[in-house]
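Please treat every number below as a calculation from the coordinates, not as lab data. Please read all numbers here as calculations on a predicted model, not as lab measurements. All Cβ positions, even for glycine, are placed from backbone atoms using ideal geometry, and neighbour counts span all protein chains on display.
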Amino acid sequence: MVIVWMLKGLKPRLGGGTFYPRAEARGNGVFSVAPGFNPEITNINLTGASAPYRFVTSLLLLIFVMFYQPLSAQEHSNFFPILGGQRAGTSAYTFLKIGVGARSMAMGGAFIAVANDASSIFWNPAGAVMSENVRGIFVDHNEWVAGIQSENLAAIYQFRGIHSLGISATSIHTDPMEITTEYLPNGTGEYFNYGDMMFGLSYAMKMTDRFSFGITGKIVDEQLAELNMVDYLVDLGTYYYTGFQQLRFAVALVNFGLPAAPKDSVEFMNANGDMEKQPYESFSPPTIFRLGIANEWLNSPHAELTTSIQLNHPVDNAENVSLGAELGLKHTLYLRSGYQLNMDVDTWSAGFGLRIGGFLLDYAYTDMRDWNNAQRFSLGWTF
């Protein structure tokens, strides 16, 4: 019933798929579909005007229902349910859970409702069509914990004003590590390599000037010494402007796919002393459901202020919440900060960005508690 009520609130806004670049008079009222209400309009169609508020109320009710059941089942007073924490370490391709982009991670990863550049492919593919620029290129370098480094690349291209195509790639690598055994704990003199790769192809479309949809198909490859595993995953995302100021909602389901197992088989000695071969066990991908809300509270030629909140529901851990803020000064200097709640390692983050023409240089610092703190550097180009 809640979903039906929400959809009824959306229907007047969608306008049957027709694009309306600004508010227009219709019948005895006004039908507004532009991002933000026109202050000169006083006679607003009541059904259309109530749509964003109905959507907000319904969404909050759905969030409450999602949290209520675990809280009741465990009978504890924590706002964030601990149910799910026992599933940590049960997924493969965990490198896909590492946040991409200095701008997004400086905002604590609360980015799916903010994403509007080439880096959006990694967070919410629907954001690729929300960019003001036709073309965009994104390059990112991440100095993560335990000597792990990652490189990310993305590019988007818009055409006909409502379509967008994008490509993305990720590479995770470390220095060669020495093999140790029970009898040679200090090393055998032999080394092994670890590395992960991802290639993606994205498509996004504006269904109306308020609502967009995006999808990414990607192939992932994970290698540890002689073990190799390949899988095909899908990301789905939506982006919706409510019409109230610049308030928008975004929903993304990332890393969705079938379980995968390493190739070949493992050889071991059974209880009878005979050698036996058995296929490796399969593991599910690190699927994550994300729900985000963002708004511009200040939007002028001199300053911009954006805040975002995001609920994350991973299949292999407990739910957590990300908070982020971005302050822009004269479309040149950007100051960002973020915080992640209910996380074991990631806590607060901060960073800045510098825009010069079509180029944007970003830096982010993330506190990782007892681990090495993570630093990210990103370069963007829009034209």
Expressed as a percent, the portion of alpha-carbon pairs in segment 102-177 spaced more than 14 Å apart is 61 percent
Take the eigenvalues of the Cα gyration tensor for segment 217-340, scale each by 5, and report the square roots as semi-axes in whole Å, largest first. 46, 15, 13
When you have a sec, figure out the Kirkwood radius of segment 271-331 from all distinct Cα pair distances and drop it here in Å to one decimal? 15.8 Å
Rh (Kirkwood, all Cα-Cα pairs) for segment 184-244, Å, reads 15.1 Å
Charge sum, other residues only, whose C-beta stays under 10 Å from Leu327's C-beta, Lys/Arg counted +1 and Asp/Glu -1: -1
Step through the residues of segment 139-146 one at a time and calculate ³J(HN,Hα) from phi using the Karplus curve (6.51 cos²θ - 1.76 cosθ + 1.60, θ = phi - 60°), rounding each to whole Hz and writing x for Gly and Pro. 10, 9, 10, 10, 8, 9, 7, 6
Around Ala106: net Lys/Arg minus Asp/Glu count, Cβ-Cβ under 9 Å: +1
Highest mean first, how do 261-271, 147-157, 306-316, 291-301 rank when packing is the count of other Cβ atoms within 10 Å averaged over residues? 306-316, 147-157, 291-301, 261-271
With the contact rule set at Cα under 8 Å and sequence spacing of 6 or more, what percent relative contact order holds for segment 233-383? 13 percent
Which of the peptides 125-133, 217-225, 91-99 is most tightly packed, and how do the rest follow, going by the mean number of other Cβ atoms within 10 Å of each residue? 125-133, 91-99, 217-225
Cut-off under 5 Å, modelled amide H: who pairs with Gly358 long-range: none
In whole percent, the Cα-Cα distances of segment 279-383 spread across 10 Å bins from 0 upward as 13, 33, 34, 15, 4, 1, 0
Kirkwood Rh, segment 140-264, all Cα pairs: how many Å? 17.6 Å
